[in-house]
1. Got the A:His380 label distances to the other copies yet, label 7 Å along Cα→Cβ, in nm, shortest first?
2. Name the most mobile residue of D:Ser198, D:Ser287, D:Ser19, meaning the one with the largest mean-square fluctuation, in a Gaussian network model of chain D with Cα contacts below 10 Å.
3. Which angle from 0 to 90°, rounded to the nearest 10, does the C-alpha axis of helix A:74-99 make with the longest principal axis of chain A?
4. Note down the relative contact order for chain B as a percent, whole number, built from C-alpha pairs under 8 angstrom at least six residues apart.
5. Nearest 20 debye, what's the magnitude of the dipole of the range D:286-337 about its Cα centre given +1 on Lys and Arg Cβ and -1 on Asp and Glu Cβ?
6. Taking the Kirkwood radius as the inverse of the mean 1/r across Cα pairs, report the Rg/Rh of chain B.
7. Tally Lys and Arg at +1 and Asp and Glu at -1 over the other residues with C-beta under 12 Å from the C-beta of A:Ser172: what net charge comes out?
8. Classify the protein assembly as shown as rounded, prolate or oblate, taking a ≥ b ≥ c as the square roots of the eigenvalues of its Cα gyration tensor: rounded when a/c is under 1.5, otherwise prolate if a/b is larger than b/c and oblate if not.
Amino acid sequence: MKNRAKLSLHVPAPATRPGDAPDFSGVTLAGAGEVSRPEIDAHPHDIRALAYSLIRVLDDKGHALGSWNPRLDPEILRKGLRAMLLTRAFDDRMYRAQRQGKTSFYMKCTGEEAVAVAAAQALEPDDMCFPSYRQQGLLIARGYPLVQMMYQIYSNAMDPLKGRQLPVMYSSKAFGFFTISGNLGTQFPQAVGWAMASAYKGDDRIAASWVGEGTTAEGDVHHALNFASVYKAPVILNVVNNQWAISSFSGIAGAQEATFASRGIGYGLPALRVDGNDFLAVYAVTQWAAERARANLGATLIEHYTYRAEGHSTSDDPSRYRPSEDAKAWPLGDPIERLKVHLIAIREWSEDKQQQAHAEAVEQVKDANKTAEAVGTLGHGEPPSLKTMFEDVFKDMPWHLRRQRQEMGV
Amino acid sequence: MKNRAKLSLHVPAPATRPGDAPDFSGVTLAGAGEVSRPEIDAHPHDIRALAYSLIRVLDDKGHALGSWNPRLDPEILRKGLRAMLLTRAFDDRMYRAQRQGKTSFYMKCTGEEAVAVAAAQALEPDDMCFPSYRQQGLLIARGYPLVQMMYQIYSNAMDPLKGRQLPVMYSSKAFGFFTISGNLGTQFPQAVGWAMASAYKGDDRIAASWVGEGTTAEGDVHHALNFASVYKAPVILNVVNNQWAISSFSGIAGAQEATFASRGIGYGLPALRVDGNDFLAVYAVTQWAAERARANLGATLIEHYTYRAEGHSTSDDPSRYRPSEDAKAWPLGDPIERLKVHLIAIREWSEDKQQQAHAEAVEQVKDANKTAEAVGTLGHGEPPSLKTMFEDVFKDMPWHLRRQRQEMGV
Amino acid sequence: MPAMNMIQALNSALDVMLSKDPNVLTFGEDVGYFGGVFRVTEGLQKKHGLTRCFDTPIGEGGIVAVAIGMGAYGLRPVVEIQFADYIYPAYDQLVSEAARMRYRSAGDFTAPMTLRTPYGGGIYGGQTHSQSPEALFTHVAGLKTVVPSTPYDAKGLLISAIEDDDPVIFLEPKRIYNGPFDGYHDRPVQSWAKHPASDVPAGHYTVPIGKAAIVRAGADLTVLAYGTMVHVALASVTDSGIDAEVIDLRTLMPVDIETIVASVQKTGRCVIVHEATRTSGYGAELSALVQENCFHHLEAPIERVAGWDTPYPHAFEWQYFPGPARVIAAMQRAMEG
Amino acid sequence: MPAMNMIQALNSALDVMLSKDPNVLTFGEDVGYFGGVFRVTEGLQKKHGLTRCFDTPIGEGGIVAVAIGMGAYGLRPVVEIQFADYIYPAYDQLVSEAARMRYRSAGDFTAPMTLRTPYGGGIYGGQTHSQSPEALFTHVAGLKTVVPSTPYDAKGLLISAIEDDDPVIFLEPKRIYNGPFDGYHDRPVQSWAKHPASDVPAGHYTVPIGKAAIVRAGADLTVLAYGTMVHVALASVTDSGIDAEVIDLRTLMPVDIETIVASVQKTGRCVIVHEATRTSGYGAELSALVQENCFHHLEAPIERVAGWDTPYPHAFEWQYFPGPARVIAAMQRAMEG
Ligand SMILES: Cc1ncc(C[n+]2csc(CCOP(=O)(O)OP(=O)(O)O)c2C)c(N)n1
Ligand SMILES: Cc1ncc(C[n+]2csc(CCOP(=O)(O)OP(=O)(O)O)c2C)c(N)n1
Ligand SMILES: [Mg+2]
Ligand SMILES: [Mg+2]
């Protein structure tokens, strides 16, 4: 009966490494429209299956199927498509800028544009977002000026953050975009606190936050789920499962044992798992969670199943740890391509229009960048005023910082 | 469609407060023997229901029912009963000692004896335990000398911990009992690390750890579940849900939204929920989890559903926050009484023998206490040697501690 | 005016602010119905309601994170960490978030929160209920650190902290919650009632953050202290007969440098007293500041009297605690030196 | 002997210990297949196997807790925290557990773990990739803190740390991973190849913990530094022409007090240099120690040159970094003062 055989330590490893052919045979996907949409007041215990399935609306031919189809006005879809195109054009340009030595660092969200852009559309403009560094799509979709983002990336005289933050760590209260932290996961429970405050004040705004699947290992994520559950906070907690955390495949975060959506089950939270590259599906689940939160029914956990199509950042080289063809082989495709195909399928768009929209996006980014570079880039042109370096540590500058500023002679 | 009604903040509150009659009508219990025992190699996803049910073996008449019945030799049951009686007698005496000013602090485990004692019996003596402060039953069941525990509680010259630790914060590597921390939850992921080390070395010993339901809110608990799942660590992670965390009812920890066992589901861990006052059931689930771990199948999360029958500690007065009759009204009764009734039912025990065993336990505690008090109690008799105060900060004493010891003149 | 002990004064500060400002709320482990393990929030839930004073899960990191989020919304949360020894799980949220929010967002977001926590030994709490972690906060740019030593200051400083737009770590010397403590654990306990600073106005008032108090004027030596040690310092002055000036810093960050420098330039001698472990304790910063600002006035080495560089041992609490004997010895060294 | 940069030297130390002791293993975020974001563990998984060098979930608290549990079992885990700025989520496990284990269990359990982490600025990492948190560890009784400044010391000290039976915080100055840095960011970068301390033996050797190194003997002034700032101090001496003695502390806890005191008693002047924020930084402890041990030898105030008391700003990295200009100014003040 008692088995005292030798134990051995298990360390997860991915199916493929550089040199191997991509292999996504392990990935099982529900078909578009297969999973049905519960009422927003469904009891979490009755919809646990949604944490293990995959909510999809768009099929491979671009048809929108099933009860999760949000049936959106084509104008909203075109807006979303343009915002995704703009986000991608922005990423490409800023990535180049870093390569050209105009800034120190940049992070793209290529392949994950729908996660942020569809959410921005489904939320109200005054709902508060607590993003990670990979949801620039929120700002862009909400119409935040590209040039402001570039000022921040270039740490120049016009940088709203006065040259203090690493590039891409934007902050804009006016656009409901919380100051991004370099420390992973900290924003998740903060979003819960903001949502609790909104409920405490009898406000009607809700909060939403995003972390990567790798970040789910931080204690902050547990705190967020726990407090959100206990106080029924009006917040949407999103896990963006792009399957990589720098060089670590999602198995290191636990993906081989359970879905990230299922992390919500133990807190009694509704947990949805969605095709993150399907604009309509992301819009629909965000809308479902937002309605639920506004109805005072509390928080929802959403896992967005997607794929980080490029490197972690400009400091990273993914060819060192995964097959270079992976991105192309990823079965859920590209969110921009898929929405385009859908719009064309419903006769609301065309390849020409797509070409044109793409060209417009590139133009828009180019213009903004011209303006931004004219002010300055990191180490060139006009920097922020040096004496601001000592400001905002406290509301009022204490004696020791005044002395230090004097010592620096500004 | 869009509902922008005023939100409001939800704060959980218990059904009853001081002055109210106890009310456990909300508690739903599976019947003894109702839940069936899966094979130890069952896939966690196929046994999720066990996280929401309640594994019980003993019915109200003391009959052992169902597939979870461990069918133990009555001698083991009598050993367990005696260990529980001894634990309770020890608690009563030490509680009195604190009231008599012989030490600063004490914590009882009254009503929860089975959780620790049954586990001690089901585990191997060389398995490593990472307990909280409420599993003194582990030490007692493993035969650790009571007088040693008292030396620690009295911080006297014979205190194995040299007067450094708060009473009840025992440590004994020889008895597989990890040094208890005053900081809640820290031991949970440490147990996972110990278990990973055992697996790494090809050892056959496993680890077990215990936290209270209130402690499940700490990030450490999330880390433990996550690392245990990812590396399939041979560890048993126990949550002792005694429904109170000092003055906070379990709803503040999330009990109104989901069971604590179900916290394991999101990590793909087998999660069992057991009647913590049922010695046979606790033994059976521990044995199941231990066999599974030894077979290299990884970790198990176990929720022990029980009730903290007395105050949190000698510093606490539960009549300030809960009905004083609660403990008596608790439907799962008392673990000692229930095991006694079972042993009598199977004709392996009698009321007389119970009386006698109780008297023996009290005697044994009394003798040990006489020996302990003869050495000293806190502030009286012989204290530990003062100069040991500066030892063990580091393996070798650095210059600054030597200087400080000199300054103190020892 | 009613004589209040420190617990009552702190409770009154919270009561006043909950009444005055709907954006103030308080929460933490056991602070709701029960009123906190040290009773500081007693009665507040009953009076102000379940959503303004409530219990939280036992996750200090979550408690502080939630307070930061509420602060970003516009509230002024006051959180209690049950013991300062349990603040470490929240350390990342305090250091990386609360302290940095205003700076990294260029004032776009702030963290106007107050974190209250009992610190220090003297209650046989052993190594995890006795710590004094102030130096772990004074090193962090963006945090203010406050330590009261009387009921009057406790209420006035807590109200200032709650009204302050920056995050404030408010350390409560638990040993003097119920009475001033001169460090002689073997003498009868005193109650606040006889102490002038127990005359606490019932209403709203503030004691400014950043201002020290000269609690005893003296000519020969300056003693810098805060919290419990202020009372130990005063007793040491009485018993040593040395005409020392005793300064209660009250705020550690930003510290009242003028008051410190003026005193040491006058006396030429300085003894720094705290309960925290010595190495890299706040006394090191004070010593460095005094040395840098008063070098040419110093007639003797600056002395530090502090907790030993060990955990706080249960059985040897009074050998660990830097009581009058050690303070007096240091004062005498400083007078000779 | 092969010329190694600091990354190669650290990698070699780990390789040597993994080969020598089956109880040594290393893990952390991205350290496995990839070899770490700074490549310090490159090739170790391939050579020593998946269970001896592996990736972990992104939970610093969990990483350290697991290492503590492994240490209690009898292993000697070496964990990497990707940036020192991300150590705070593990702070409770380090302070309340690793540091206290031996003491609270009276030697029954210990935590023989090593925590490696890159610290410091100079790579445009902004405020969350540039911090120097050493003072948050030197204040904690039970932790040793080590900071190398050359490849030779890095390897020898890391081996000592791994073989040490106490928990060691091993801070790696990331700015000098690839070459010594004199603080002149506008001058051409140097490589370790030309530096004598890049002669690193391939095999096992140790540099003792607790011993400082006098890297330049001098008569007029003592400069205390560690990590990157050792090279800045040396450049400052050259450019100022002041005959200063430069001491590389190498270990901050326990610090080599004899070497410090002997030097300052000889020179009578002392400048302390670190990159961490000034207030309550480790420089405060050094200043206090020097003042207490050398008071009667001091001819001028002890100077502290440190990072400003602000977060590390991305655009103003070189205005924040305490470079030669500020070090030289302090040396001159110390010579006049
Ligand atoms: C607390 C903390 N630990 C480690 C890091 C370093 N780090 C930055 S991004 C990253 C990977 C995050 O992966 P994931 O959460 O999946 O997000 P993704 O990059 O895929 O969007 C790591 C480890 C950090 N920034 N903060
Ligand atoms: C990190 C930390 N936070 C808070 C405390 C104070 N504290 C001690 S016991 C306790 C309640 C624990 O309740 P639970 O986990 O349910 O265990 P039980 O006492 O019921 O066995 C609290 C809040 C602590 N010791 N450590
Ligand atoms: Mg990811
Ligand atoms: Mg409990």
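Nothing in this text is a laboratory measurement; each read-out follows from the coordinates by a stated rule. This one's a predicted model, so the numbers in the text were calculated from it and none came from an experiment. Note: ideal-geometry Cβ built from the backbone for every residue, glycine included; neighbour counts use all protein chains shown.
1. Those label-point separations list as 8.3 nm.
2. Of D:Ser198, D:Ser287, D:Ser19, the most mobile in the Gaussian network model is D:Ser19.
3. For A:74-99 against chain A, the angle is about 50 degrees.
4. Relative contact order of chain B: 24 percent.
5. 80 debye
6. Rg divided by Rh gives 0.99.
7. +1
8. Here the protein assembly as shown falls in the rounded category.
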